[in-house]
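The block underneath contains the structure these notes are about, expressed in structure tokens.
The values are calculated or read from the model by the stated rules, or taken from the named source; none is laboratory data. Only a predicted model underlies this, so the values are computations on that prediction, with no experimental measurement involved. Here the Cβ positions follow ideal geometry from the backbone for every residue, glycine too, while neighbour counts run over all protein chains shown. Heavy atoms of the whole protein, side chains included, go into the accessibility calculation; ligands, DNA and RNA do not. Shrake-Rupley method; radii C 1.70, N 1.55, O 1.52, S 1.80 Å.
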Amino acid sequence: MYDVVIIGAGPSGSTAAAFCHNAGLKVRIVEKSTMPKFVIGESLLANCNNILEEAGLLEVIENHGFQYKNGAAFSWRDEYTYFDFLDKSSAGAGTTFQVQRAEFDKLLVDEVIKKGVEVSFNTEVVDAKFSDECATLIIKDENENKKELKAKFILDASGYGRVLPRILNLEKPSTLPVRTAYFTHIEDNITEPLYDRNKILITTHPTMRDVWFWLIPFSNGRCSIGVVGEKDRINPDDLTSEITLKTHVYKAPMLKRLLNNASWDMEVKTLNGYSKDVKALYGKRFALLGNATEFLDPVFSSGVTIALYSSKLASKCLIKTLKNEDVDWEKEYKDELMLGVNAFRTYVNGWYDGAFQDVIYTKNKNIKIKRMISSILAGYAWDRQNPFVVKSDEKLKTLAAFC
């Protein structure tokens, strides 16, 4: 009998395991695949560093040599602007990293293994049952052998696998349109002397403002490059993934200039209909974390931040639950997590309808407002002192009207 079994060894699973283990709980992680594995979502937000530090996981990331990140840059046609995460209104870290997720995820899970957490790789959860006494997972190893695993509580950090949402029929359609991402890693060979590798570059398509690109530089001279939009907008003729990505990238003036000498040496991958939602974030002896809850959109790199923050909140609630202390999961987990998710949602929607892009690209920025927006972009979407968090819809509409 474990205190908690965590499904998934990604960032949310490893971070939750660290929080629970540090509190003296008996923890086990079950992971369907092996590590390392290729994953996107490579540009962290500064708030991630605070959570990793609190979990005791930051030092191993700092020492690895990942690309330093201090902000986000935006380009559209010939326009360029940026936000410095050190110049923000919220307290906390102002820098973070841009990471190859295969390395990042493995570093985190290896660190929790060193702490004493038991991890089973190549182990799939095929069913789950919940009773007043415990939760029971039916797991299957790589040899197709099945057995039961019992715990007082289950945390689902399975990401796009969304194990418990599928088993418990918790999935529901996202309110966001179905979009497709085409992406790969390249040897960027960027020689532009003024190019800032310390920032993610988000580029608006020159003619379709609801289509955008990410350029995430790594410390080894490579970068992650991707284009995102509704499929009938960016690939109406059903071309190959590689042709689709390259065609759009070289239409954007800044990307064309930066990646003129790039070596496209990896397969271009596709992710379709990535936005997800669920009917409930928690229930009897379980809670959902990260992408197993709701995934919005990659435009502001909020995925890992939401995953880590959900791990922190759920772990704190779980620890109190198992210690028989008073805990209100609705208020302390669901409501608190959704505060930030809904703030991010406002700016995701505003990005695609153009309202937030108008704010980003406006020439005459109010410094105080810019610092508040910088806080959101740095991952401080739970800062109740920031009106752009607690009144996100109202504030965005007001700002857009003046741009």
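What's the extension gain from Glu267 to Asp393 if we count 0.36 nm per residue and subtract their Cα-Cα distance? Before the final figure, lay out each step's value.
Numbers: separation 126, 0.36 × 126 = 45.36 nm, distance 3.91 nm.
Stretched fully, the Glu267-Asp393 segment lengthens by 41.5 nm.
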May I ask you to evaluate 6.51 cos²θ - 1.76 cosθ + 1.60, the Karplus curve with θ = phi - 60°, for each residue of the range 52-57 and list the ³J(HN,Hα) values in order in whole Hz, giving x for glycine and proline? 4, 5, 5, 7, x, 10
Taking chymotrypsin sites (Phe, Trp or Tyr not before Pro) in a DSSP loop with at most 14 other Cβ atoms within 10 angstrom as exposed, one finds the longest site-free stretch of the chain at 39-249
Amide H contacts under 5 Å for Ala93, restricted to residues at least 5 apart in sequence or on another chain and with H modeled in the peptide plane, are Asn50
Defining a contact as two alpha carbons under 8 Å apart and six or more residues distant in sequence, what relative contact order in percent does the chain show? 22
GNM result for the chain, Cα springs below 10 Å: residue of Ile138, Ile225, Ile216 fluctuating most strongly: Ile138
Per residue, how much accessible surface does the range 114-246 expose to a 1.4 Å probe? Answer in Å², no decimals. 45
Centroid-to-centroid separation of the range 326-346 and the range 269-296 [C-alpha atoms, Å]: 14
Length gained if Asp237 through Glu325 is fully extended, taking 0.36 nm per residue and subtracting the Cα-Cα distance, is 25.9 nm
Expressed in nanometres to one decimal, the distance between label points 7 Å along Cα→Cβ at Thr191 and Glu142 is 4.5
Give the distance, in whole Å, between the Cα centre of the range 227-256 and the Cα centre of the range 63-136. 28
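Mind checking the full-extension length gain between Glu62 and Lys150? Use 0.36 nm per residue of separation minus the Cα-Cα distance, one decimal, nm.
28.1 nm
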Per residue of the range 86-92, what does 6.51 cos²θ - 1.76 cosθ + 1.60 with θ = phi - 60° give for ³J(HN,Hα)? Whole Hz please, x for Gly and Pro, Karplus curve as stated. 6, 9, 9, 8, 8, 6, x
The chain: longest segment with zero exposed GluC sites (Glu not before Pro), where exposed means DSSP loop plus at most 16 other C-beta atoms within 10 Å, is residues 1-132
Carbon + sulfur, % of accessible area of the chain - ligands and nucleic acids excluded, 1.4 Å: 47
Listed residue pairs exceeding 30 Å between alpha carbons, taken from Lys231/Lys331; Lys331/Lys365; Lys115/Lys152; Lys26/Lys146; Lys88/Lys114: Lys231/Lys331; Lys331/Lys365; Lys88/Lys114
Treating cross-link reach as a plain straight distance, find the aspartates and glutamates whose alpha-carbon is under 15 Å from the alpha-carbon of Lys279, omitting any fewer than eight places away in the same chain. Asp156, Glu171, Glu294, Glu330, Asp335
